[in-house]
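Here the structure is laid out as structure tokens; the discussion comes afterwards.
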């Protein structure tokens, strides 16, 4: 049994319990940078194009070479410090807009039109490993060699994979903790595809630490158990209701800080459907279009200009607005000092204890736990 009186929230947002601050040099930032993280949606980065990228309070240049390879390097040219993403992608390199200095994907300067030829080889800017997977660009932003790249075999099965991202104007940890809170579903999402599919009522919540993070169980009246898996450091794997007749879908979400006051949610959906069922599902996705962040309607609700019950949009947007209101309603950064946790918050309490333990290990120069993505995740709809 977890001791409620010993939760990190009661000791304030300092030291090992500061999960919200993720900039360079912070403990939480160091912890997050020790994992591969999604940073962009693959289809949104065309060959021969570059884009600025901000992750955990740090700026980068992301570009796709003319051959299709994605590269992530420092945000500024080493010469006079202008923004590299404004330059030109040339084959697998990028040329600075200001004075034409050219860099390859490793960050090595290869050409300086107005300088001696020997100067370029002395100049190098940081670069970071990247991988494309499940429709997302992943990057390793930490020091040293990256860990083994995580594979989600359950998302590679036959079916339809759909990936996207949304930007939200509040701290990522508000979202992280919401994702392992089964009780909120019966209230925040009481009018949604979840309630329409039978995920209703107030469950009994339990949680346990695993090799991948946390297994969270919500047991409802009648004994049905909904299991969701939280995979360290910020990813949630769960079952969500169907859009058409494709059945319950698997969903992976990552909460990635843009800075301490905003974050991107990266989403991968897998529908185990083929043939005509898959075609109908793809058509439904096309009809619905890109999901919104829920920010516009959410802000109208938070300001009192609109009621949550007045939302009438497509299924994903309704859920996004509902979550926005609950999470942004906590403040841009949630107040974990003055909150009062109860027994239904067992998963949140456990997650904070784990994060505190890992950040303490980092601070003391000790090894952190080697987290593993499960080969075959056990997740259930609970209906």
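Summary of values
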| read-out | value |
| --- | --- |
| Conditions (1) out of contact with any helix residue (DSSP H, G or I) (no Cβ under 7 Å at 6 or more places or on another chain); (2) farther than 18 Å from residue 382 by Cα; (3) modelled with pLDDT under 95; number of the one not met by residue 269 | (3) |
| The stretch 360-375 - residue that is in contact with a helix residue (DSSP H, G or I) (Cβ under 7 Å, 6 or more places away or on another chain) and loosely packed, with under 14 Cβ neighbours inside 10 Å and, of those, nearest to residue 232 (Cα to Cα) | 369 |
| Residue list for the stretch 352-369, filter: in a helix (DSSP H, G or I) and farther than 16 Å from residue 230 by Cβ | 359, 360, 361, 362, 363 |
| Residue in the stretch 30-46 that is closer than 30 Å to residue 359 by Cβ, in contact (Cβ under 8 Å) with a residue 12 or more places away in the chain and over 17 Å from the mean Cα position of the chain (by Cα) present | no |
| Criterion violated by residue 194 - all others in (1) more than 26 Å from residue 354 (Cβ to Cβ); (2) at pLDDT 95 or above; (3) assigned by TED's automatic domain parsing to the domain that holds residue 268 satisfied | (2) |
| Residue check for residue 251: under 20 Å from residue 207 (Cβ atoms), surrounded by fewer than 21 Cβ atoms within 10 Å (Cβ to Cβ) and at pLDDT 95 or above | yes |
| Hits in the stretch 311-333 - residues which are within 25 Å of residue 33 (Cβ to Cβ) and either modelled with pLDDT under 95 or buried (at least 22 other Cβ atoms within 10 Å of the Cβ) (or both) | 327 |
| Residue within the stretch 102-119 that is at pLDDT below 95, in contact with a strand residue (DSSP E or B) (Cβ under 9 Å, 6 or more places away or on another chain), exposed (fewer than 14 other Cβ atoms within 10 Å of the Cβ) and closer than 30 Å to residue 286 by Cβ present | no |
| Any hit, the stretch 312-331, residues being part of a helix (DSSP H, G or I) and over 21 Å from the mean Cα position of the chain (by Cα) | no |
| Any hit, the stretch 333-342, residues being touching a strand residue (DSSP E or B) at 6+ places or on another chain (Cβ under 9 Å) and assigned by TED's automatic domain parsing to the domain that holds residue 166 | no |
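The values are calculated or read from the model by the stated rules, or taken from the named source; none is laboratory data. In this text, all values refer to a predicted model and were calculated from it rather than measured experimentally. In this analysis, Cβ positions are derived from the backbone assuming ideal geometry, glycine residues included, and neighbour counts consider all displayed protein chains.
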